[in-house]
Amino acid sequence: MQLVAALKARLRGRLTLRIEPLRAAHSAAAAALHQASFARGWDQPDVARMLAEANILADAVIAGSEREPSGFVMSRLAADEAEILTICVAPHRQGQGLAKLLLERHMDHLARRGVAKLFLEVDAHNTSALRLYRHFGFAQVGERPGYYALADGSRALALILQRDLD
Ligand SMILES: CC(C)(COP(=O)(O)OP(=O)(O)OC[C@H]1O[C@@H](n2cnc3c(N)ncnc32)[C@H](O)[C@@H]1OP(=O)(O)O)[C@@H](O)C(=O)NCCC(=O)NCCS
């Protein structure tokens, strides 16, 4: 295990990462990450309100000795199913494996809470997100034409993906 962790750290340019629950104290930083990632980003009260819900599970990835997250993922649970509401990583930290680590650990947390099926919606043109989800074996189970409103006023197809959790 230590060898795997060391190799992963080397691949990430020796950036050490830790996964922690996303807390209310992180809500301003999480809102800033969300706004940097999406045309209609959440604001701090949005994030704080969702974190206060009992059926929300959210994890943060924190780099090195930093106090604020470099990315986070948030899911809503309902019985033995859950939906990933969002996942985002700071633009300057993308492409270094943060989302992979975050999603892997988040799925472990969801499974421990009794989630058997995990769903999400993704813009059909979001290459990096699709690569991330395919890496974890998500499969397409539906689509919603014109679901996403883009900054230029056009609308994009959403794919609905699903994966069973062990
Ligand atoms: C999607 C996102 C969370 C990925 O985070 P990340 O930390 O950069 O991802 P990772 O470094 O862990 O890489 C995961 C996969 O995405 C690929 N990837 C990362 N950045 C990429 C890019 N710019 N272009 C193409 N692929 C990319 C990686 O190569 C990897 O795929 P692989 O396993 O085939 O090598 C990040 O790009 C992001 O925050 N995007 C904006 C928000 C968003 O679109 N969220 C998803 C909403 S459904």
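The values are calculated or read from the model by the stated rules, or taken from the named source; none is laboratory data. The structure displayed is predicted, hence computed values, not measured ones. Note that we place each Cβ from the backbone using ideal geometry, even for glycine, and neighbour counts take in every protein chain shown.
Any residue that is more than 23 Å from D108 (Cβ to Cβ) and assigned to a helix (DSSP H, G or I) - is there at least one of those in segment 84-91? Among the residues of segment 84-91, at least one is more than 23 Å from D108 (Cβ to Cβ) and assigned to a helix (DSSP H, G or I), which makes the answer yes. Within the set A6, A25, A52, A48, the sole residue that is farther than 18 Å from H92 by Cα, at pLDDT below 90 and out of contact with any strand residue (DSSP E or B) (no Cβ under 9 Å at 6 or more places or on another chain) turns out to be A6. Against the condition within 21 Å of R40 (Cα to Cα) and out of contact with any helix residue (DSSP H, G or I) (no Cβ under 7 Å at 6 or more places or on another chain), how does L98 come out, does it pass? Considered against the rule, which asks whether it is within 21 Å of R40 (Cα to Cα) and out of contact with any helix residue (DSSP H, G or I) (no Cβ under 7 Å at 6 or more places or on another chain), L98 comes out as no.
Could you check, for segment 97-104, whether at least one of its residues is over 20 Å from P21 (Cα atoms) and of a type in the set (G, A, S)?
No, because not a single residue in segment 97-104 is over 20 Å from P21 (Cα atoms) and of a type in the set (G, A, S).
Among the residues of segment 136-154, is there at least one that is part of a loop (DSSP other than H, G, I, E, B) and within 10 Å of the ligand (Cβ to nearest atom)? Checked segment 136-154: at least one residue is part of a loop (DSSP other than H, G, I, E, B) and within 10 Å of the ligand (Cβ to nearest atom). Taking A116 as the residue in question, decide whether it is over 19 Å from L17 (Cβ atoms), hydrophobic (A, V, I, L, M, F, W, C) and surrounded by 12 or more Cβ atoms within 10 Å (Cβ to Cβ). Yes.
Among the residues making up segment 28-40, those that are of a type outside the set (A, V, I, L, M), touching a strand residue (DSSP E or B) at 6+ places or on another chain (Cβ under 9 Å) and surrounded by 12 or more Cβ atoms within 10 Å (Cβ to Cβ) are H34, S37, F38.
Taking the stated definitions as given, is S128 part of a helix (DSSP H, G or I), within 16 Å of the ligand (Cβ to nearest atom), modelled with pLDDT of 95 or more and hydroxyl-bearing (S, T, Y)? Taking the combined requirement at face value, the residue satisfies it.
Candidates are the residues of segment 42-97 that are within 13 Å of H26 (Cα to Cα) and of a type in the set (S, T, N, Q); the one that is surrounded by the most Cβ atoms within 10 Å (Cβ to Cβ) is S70. Looking across V73, V122, one residue alone is farther than 30 Å from R14 by Cα, within 14 Å of the ligand (Cβ to nearest atom), at pLDDT 95 or above and assigned to a strand (DSSP E or B). It is V122.
May I ask you to list the residues in segment 77-119 that are more than 14 Å from the ligand (Cβ to nearest atom), in contact (Cβ under 8 Å) with a residue 24 or more places away in the chain and not aliphatic (A, V, I, L, M)? D80, E81, H109, R113, G114, K117, listed by residue number.
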